[in-house]
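Beneath this line is the structure, given in structure tokens, with notes to follow.
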Amino acid sequence: MHHDGAGVYLQVTNGRPGINRSWLFRYGIGEKNRYLGLGAFPLVGLAQAREKAADARKLLSEGIDPIAHKRAQRASLSQRDAAGTSARACRAA
């Protein structure tokens, strides 16, 4: 991994197809280090990765785990989509 000096890392791995690169934000909760995915390079550039890391730092300053926050957002979107799908299914019946 390559570090930018502000908690943002570029992870380089061998995968399909070829070399994969992704941005990670490293932070600690208690004695545990955690890594939050910020996006794949080159779809997400360094400036955007730093902005996402700054957003994660803000959540940390408010006592919120960025990974738990991201999972909660995804769950609420999934529930909303499921509710919309079931409503459409009811109308079609």
For the stretch 51-58, does any single residue satisfy the condition of being touching a residue at least 12 places away in the same chain (Cβ under 8 Å) and out of contact with any Gly (no Cβ under 9 Å at 6 or more places or on another chain)?
no
Under 6 Å by Cβ, and 6 or more places apart or on different chains, what pairs join a residue from the stretch 62-79 that is free of Cβ contacts under 8 Å to residues at least 12 places away in the same chain with one that is surrounded by 10 or more Cβ atoms within 10 Å (Cβ to Cβ)?
H69/L59
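Applying the selection to the stretch 43-76, what residues are assigned to a loop (DSSP other than H, G, I, E, B) and under 15 Å from V8 (Cα atoms)? If you could, list the steps in order and put the result at the bottom.
Initial filter on the stretch 43-76 (assigned to a loop (DSSP other than H, G, I, E, B)): 43-45, 62-65.
If the condition is that a residue be assigned to a loop (DSSP other than H, G, I, E, B) and under 15 Å from V8 (Cα atoms), then V44, G45 are the ones that fit.
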Of everything in the stretch 9-50 that's of a type in the set (V, I, T) and farther than 14 Å from P66 by Cα, which residue is surrounded by the most Cβ atoms within 10 Å (Cβ to Cβ)?
V44
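The numbers here are math on the coordinates, done by the rules we state, and not lab data. In this text the structure is predicted, and so the values were computed from the model without any measurement. Cβ: placed from backbone, ideal geometry, glycine included. Neighbour counts: every protein chain shown.
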